[in-house]
Amino acid sequence: MNENIVKKITEKSKNFVIIGEAGSGKTEVSLNLALEIHRLKDKPVHFFDMDQTKPLFRARDSSGFVSREGVIFHYQKQFMDAPIVAAGVIERLRDPESVVILDIGGGAFGSHMIGQFAEFLGGEDTKVIYLINPYRPWSGSREDIKETVARTAGAAHLEKISVAANPNYGADTTAEDVLRGIENLQKMLPDAKIEFVCVRKELAKALEECRLPLLAIDLNTIPEWLISNV
């Protein structure tokens with residue numbers, strides 16, 4: 001399942017930028033995508049935690065686990081409130097032998113800081129994935145989604161955007177919830193191609209008949225007692 005979607009999206013792309021509103025699940029998807037690409041590709045995978053918006057949890061909280069799995073993890077600690085970008089981003093983006101995952105902070109504020117790399121993110125070797133959870137308040141209508149996509153992508157100076165769905169209510173999400181979320185998203189964005197749908201691995205088997213590619217994920221950064229509130 002994961003092997004199929006990872007093979008597809010890495011056929012032409014080797015740089016991946018994950019953006020979206022806060023709480024859409026960017027960090028979990030970024031971590032899982034990095035691990036799956038590492039398992040499949042014979043190239044070094046570099047994960048850059050670019051989140052400077054100070055959420056409760058960041059990818060860097062899982063840096064030890066991800067590094068032990070073989071992914072090369074990059075982040076830079078903030079100095080007080082000053083956002084500091086990890087070194088080496090441009091070099092890795094330009095390196096044809098490196099796969100790069102950029103996990104970007106939530107919304108327009110988080111995306112603004114990667115505008116400096118826009119000239120390196122517009123080529124065919126880069127895929128920008130906008131992650132949408134249709135159960136979030138800011139994704140409740142076509143107008144809401146279009147506004148947040150435009151604001152977030154505009155802040156990052158990114159133009160070519162792919163859409164991925166992450167329909168969930170947290171730990172209580174059922175397969176039916178996922179299917180209903182996909183249906184709602186397709187109604188709101190009838191012309192959009194959904195690159196893949198993120199589902200927890202426990203639900204993957206029940207969703208095998210889904211017509212869209214699935215990315216089955218583990219939850220790596222969120223304590224069990226908070227999962228149901230995410």
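The values are calculated or read from the model by the stated rules, or taken from the named source; none is laboratory data. Owing to the predicted nature of the structure, the values given are computational and were not obtained by experimental measurement. In this analysis, Cβ positions are derived from the backbone assuming ideal geometry, glycine residues included, and neighbour counts consider all displayed protein chains.
Is it the case, given these coordinates, that R92 is within 29 Å of K7 (Cβ to Cβ), modelled with pLDDT of 90 or more and assigned to a helix (DSSP H, G or I)? Answer is yes for this residue. Can you find a residue in the stretch 200-211 that is in contact with a Ser or Thr (Cβ under 8 Å, 6 or more places away or on another chain), farther than 23 Å from F65 by Cβ and not in a loop (DSSP other than H, G, I, E, B)? Taking every residue of the stretch 200-211 in turn, none turns out to be in contact with a Ser or Thr (Cβ under 8 Å, 6 or more places away or on another chain), farther than 23 Å from F65 by Cβ and not in a loop (DSSP other than H, G, I, E, B).
Of the residues making up the stretch 180-199, those that are in contact with a Leu (Cβ under 7 Å, 6 or more places away or on another chain) and either over 16 Å from L131 (Cβ atoms) or buried (at least 18 other Cβ atoms within 10 Å of the Cβ) (or both) number 5. Looking only at the stretch 148-177, residues that are modelled with pLDDT of 90 or more and either part of a helix (DSSP H, G or I) or touching a strand residue (DSSP E or B) at 6+ places or on another chain (Cβ under 6 Å) (or both) come to 9 in all. Residue-level check: of (1) touching a residue at least 12 places away in the same chain (Cβ under 8 Å); (2) under 26 Å from M113 (Cα atoms), P137 misses just (1).
To keep it simple, each residue is scored yes or no on (1) acidic (D, E); (2) at pLDDT below 90; (3) within 10 Å of E21 (Cβ to Cβ).
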site	(1), (2), (3)
L102	no, no, no
G107	no, yes, yes
G110	no, yes, yes
F120	no, no, no
E124	yes, no, no
Y130	no, no, yes
P134	no, no, no
S139	no, yes, yes
E143	yes, no, no
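Being surrounded by fewer than 18 Cβ atoms within 10 Å (Cβ to Cβ), at pLDDT 85 or above, closer than 19 Å to E3 by Cα and β-branched (V, I, T) is the requirement here; does I217 meet it? For I217, the condition - surrounded by fewer than 18 Cβ atoms within 10 Å (Cβ to Cβ), at pLDDT 85 or above, closer than 19 Å to E3 by Cα and β-branched (V, I, T) - is not met. Once the stretch 32-57 is narrowed to residues that are crowded, with 19+ Cβ neighbours inside 10 Å and outside any helix (DSSP H, G or I), the residue that is modelled with the lowest pLDDT is Q52. Can you tell me which residue among I194, I222, I227, I114 is of a type in the set (V, I, T) and modelled with pLDDT of 85 or more? The unique qualifying residue is I194.
Restricted to the stretch 121-135, and to residues there that are assigned to a strand (DSSP E or B) and of a type in the set (S, T, Y), the residue that is nearest to L185 (Cα to Cα) is Y130.
The numbered conditions (1) free of Cβ contacts under 8 Å to residues at least 60 places away in the same chain; (2) within 25 Å of F120 (Cβ to Cβ); (3) part of a strand (DSSP E or B) are all true for F196 except (1).
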